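Here's the structure we're looking at; comments come further down.
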Amino acid sequence: MSDLRELYQEVILDHHKHPRNFGPMEDADRVATGHNPLCGDLLRVFLKLRGDVIESARFEGSGCAISRASASMMTDAVKGKTVEEAEKLFAAFHDMVTGEPGAEPDPALGKLAVFSGVCEFPARVKCASLAWRTLDAALHGANQKVSTE
Amino acid sequence: MATGAASGELDSAALRSEFPILSETIRGKPLSYLDNAATTQKPEAVLRAMDGYYRTCNANIHRGVHLLSERATDQYERARSRVRSFINAAGDHEIVFVRGTTEAINLVAATFGRVRLKPGDEVLVSHMEHHSNIVPWQMVCGLTGAKLRVIPIDDAGQLVMEEFDRLLNERTRIVSVVHVSNALGTVNPVGQIIAKAHAVGARVLLDGAQAVAHMPVDVEALNCDFYAFSGHKLYGPTGIGVLYGKAELLDAMPPYQGGGDMISSVTFEGTTYNTLPAKFEAGTPHIEGAIGLGAAIEYVQRLGLDRIERAEARLLAYATDALQSVPGVRLIGTAARKAGILSFVMDGVHPHDIGTIVDQEGVAIRTGHHCCQPVMARYGVPATARASLALYNDRSDIDALVRALHRVREVLL
């Protein structure tokens, strides 16, 4: 039986209340907007690239606790990663939040494993994924807008 | 009969027992179903009627010569008569069965609208409309060159009637407004709106999706030109709804969908159409849906819409006070005249998080834009949480919601 504590864990609540890398980026190389029409989450992701390495990532926007926390942790996780490594993280994150409850998260996910409980709250998967989908759009085309629909 | 004999008022405990799903437990907690504006639960009588149809009467209607077909046709047409008497229409031929309110509005826009509207004509809707009463008009205005104009709402969620007066002019052909707002709970002054619209020669469609289950509706007294509602918001099944239209208007409208039943004769040289209401009912309809709707109407008529309205008004007052007592909660939609719909936001907490946490406590509410994105934008919120009442709700449901909201504060603040 799914427990709220599996979804609203301390780490997630911390990132929601004190999001990291929150705010616009002056000289971003890539910007993308992500929208979750189901609940009104709206995120904008900014990236600074050096070659194929993500030098830094920031985000701004409004949304539920899960989408905010996910965006905050995403911007921390991709910093210093290559584009390819970030893509792999996205795939692993997606598998985790849409996978079977109790499955072991990919070790490469590290702290992102706190979101493993999301798979038991199907209505919130899009909230957790929004930041990653937006990151993906930012990596693949400048100034795109994605939706979770 | 679940009315308290002494007061003649509703006995909600007895009523709950007539709705099987209300005994479900949700994550180990009793269900407090407060998402009735999204869809209502169904009483045993409705379930029996639909199940019974397939067990004893199922056949295609209108043209069969065998007994089952006669039974099915009889049941379907009786359901239509029930609808007619429910809203006090002049005749059964003015009742068209459709899939729901959305289809009803699309039908009127695509037939009445498409023929009636010329470039420069105007269609007037309000800022609080559901997407189903915006998009079909946008589509037909795009096709015909007519202009869509919007009656503004004030901060309490009421139509600004002075602006309505200003917007109405001789080019206004259609006024289409919601009777009761699904996002705000506002009950609009539709009598006034109809009188003023008619004075400039405009026709009026009312979206009654949130009205018919909660207050008596009399289309003759209202004198509206069209009235639309859905079965599933009236304790009936999904996939069935009603378009009421004045006969002379429906007669002048071209058909919506072509096919069987809506014709009189078909040759490749030419086809003639059937009379009302068949002209607008192409193909095999949702027969058991209409029968279920008939049973639902019978159910609420026995309880009495007046009694239901009074009970929900009392519960709305209780719920309004109770919600406002939770720190940080702000109601969205505070019109002087409201039905049992409470949209709210909570400082520092996104509605989606509210919804998930109260769900854990067995409380079902809705969160999001409620298919009213313009209303959300008007209030500057991405979404609201919404609790909406029905005849089987009582104070225990509201108390459960309030307890759950306190839990939300514990978890997130």
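The values are calculated or read from the model by the stated rules, or taken from the named source; none is laboratory data. What you see is a predicted model, and the numbers here were worked out from it, not measured in a lab. Cβ: placed from backbone, ideal geometry, glycine included. Neighbour counts: every protein chain shown. Just so you know, the surface numbers come from the protein's heavy atoms only, side chains and all, with ligands and any DNA or RNA stripped out. Shrake-Rupley method; radii C 1.70, N 1.55, O 1.52, S 1.80 Å.
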In region A:1-132, taking the dipole from +1 charges on Lys and Arg beta carbons and -1 charges on Asp and Glu beta carbons about the Cα centre, the listed residue (A:Gly23, A:Leu89, A:Leu43) farthest towards the positive end is A:Gly23
Simple SL model, points at 7 angstrom along Cα→Cβ for A:Glu60 and B:Thr56; separation in nm is 6.8
Two pseudo-spin positions, 7 Å from Cα along C-beta at B:Val65 and at B:Ala90, lie apart in nanometres by 3.7
Label model pair B:Gln192, B:Ala317: point-to-point distance (7 angstrom along the Cα→beta-carbon line) in nm is 2.3
Given unit charges at Cβ for Lys, Arg (+) and Asp, Glu (-), the dipole magnitude of the protein assembly as shown about its Cα centre in debye, nearest 20, is 620
With a ≥ b ≥ c from the Cα gyration tensor eigenvalues, square-rooted, and the rule rounded for a/c under 1.5, otherwise prolate when a/b > b/c and oblate otherwise, region B:48-123 is prolate
For the B:Glu248, B:Asp306 Cβ pair and Förster radius 41 Å, calculated FRET efficiency rounded to 0.05 is 0.85
Expressed as a percent, the accessible surface of region B:19-68 that is carbon or sulfur, using a 1.4 Å probe and the full set of protein chains, is 57
For the table B:Lys246/B:Lys338; B:Lys118/B:Lys279; A:Lys17/A:Lys81, the rows whose alpha-carbon distance is greater than 30 Å are none
Residues whose modelled amide H sits under 5 Å from the amide H of B:His62, counting only those 5 or more places away in sequence or on another chain, are B:Thr73
For region B:298-352, using Cα atoms only, the Rg and Dmax in Å read 14.2, 45
B:Met128 neighbourhood, Cβ < 11 Å, K/R = +1, D/E = -1, net charge -2
Ranked output for segments B:79-88, A:107-116 by mean other Cβ atoms within 10 Å, highest leading, reads B:79-88, A:107-116
Rounded to whole angstrom, the alpha-carbon centroid of region B:103-182 lies from that of region A:99-120 at a distance of 49
To the nearest 10 degrees, the tilt of helix A:125-140 (Cα long axis) against the first principal axis of the alpha carbons of chain A is 20
Note on region A:80-149: alpha-carbon gyration tensor, axes a ≥ b ≥ c; rule is a/c under 1.5 for rounded, else prolate if a/b larger than b/c, else oblate; result oblate
Shape call for chain B, from the Cα gyration tensor axes a ≥ b ≥ c (a/c under 1.5 means rounded, otherwise prolate when a/b beats b/c, else oblate), comes out oblate
Partner shielding of B:348-359, taken as the mean number of other chain Cβ atoms within 10 Å, equals 6
Rounded to the nearest 10 degrees, the helix A:65-78 long axis (Cα) sits at an angle to the longest Cα principal axis of chain A of 50
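What number comes out for accessible area per residue over region B:293-413 if the probe is 1.4 Å? Units Å², please.
Numbers: 4230 Å² over 121 residues.
Each residue of region B:293-413 exposes 35 Å² on average to a 1.4 Å probe.
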Output row B,A: buried area (accessible, probe 1.4 Å, summed both chains) in Å², nearest hundred, equals 1400
When the charge dipole of region B:99-162 is computed with +1 at the Cβ of Lys and Arg and -1 at the Cβ of Asp and Glu, the Cα pointing farthest to the positive end, of B:Val150, B:Ala110, B:Ser132, is that of B:Ala110
For region B:267-278, Karplus-derived ³J(HN,Hα) couplings (6.51, -1.76, 1.60; θ = phi - 60°; whole Hz; x for glycine and proline) come out as 9, 6, 7, x, 10, 10, 9, 7, 7, 6, x, 4
With all protein chains in place and a 1.4 Å probe, B:Cys141 shows an accessible area in Å² (nearest 10) of 10
Largest-first ranking of A:Val53, A:Val78 by accessible area, probe 1.4 Å, whole protein assembly kept, is A:Val53, A:Val78
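For chain B, what does the relative contact order come out to in percent, with C-alpha contacts under 8 Å and a separation of six or more? The partial results should precede the final answer.
Details: 832 pairs, mean separation 94.0, N = 413.
Rounded, it is 23 percent for chain B.
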About its Cα centre, chain A carries a charge dipole, from +1 on Lys and Arg Cβ atoms and -1 on Asp and Glu Cβ atoms, whose size in debye to the nearest 20 is 440
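If you average 1/r over all unlike Cα pairs in region B:269-413 and invert the result, what Kirkwood radius do you get in angstrom?
The Cα-based Kirkwood calculation yields 17.9 Å.
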Cα gyration tensor of region A:1-103 diagonalised, 5x eigenvalues square-rooted, in angstrom largest first, produces semi-axes 24, 17, 12
Residue-normalised 222 nm signal for chain A, counting each DSSP H run of n ≥ 4 as -39,500 (n - 2.57), nearest 500 deg cm²/dmol, is -11500 deg cm²/dmol
If the chain between B:Val115 and B:Arg48 were fully extended at 0.36 nm per residue, the gain over the current Cα-Cα distance would be 19.9 nm
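Send over the Kirkwood Rh of the protein assembly as shown, from the inverse of the averaged 1/r over different Cα pairs, rounded to one decimal Å.
25.8 Å is the Kirkwood radius here.
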Measuring from its Cα centre, chain B shows a charge dipole (+1 at each Lys and Arg Cβ, -1 at each Asp and Glu Cβ) which, in debye to the nearest 20, is 340
Rounded to the nearest 500, the 222 nm mean residue ellipticity computed for chain B from DSSP H runs (n ≥ 4, each -39500 (n - 2.57)) alone is -11000 deg cm²/dmol
One finds the C-alpha centres of region B:335-398 and region B:33-82 to be spaced, in Å, by 33
Over its alpha-carbon atoms, region B:35-185 yields an Rg and a Dmax in Å of 20.0, 60
For A:Lys111, the aspartates and glutamates lying under 18 Å Cα to Cα, once residues fewer than eight places off in the same chain are dropped, come out as A:Glu6, A:Glu10, A:Asp14, A:Asp76, A:Glu85, A:Glu87, A:Asp95
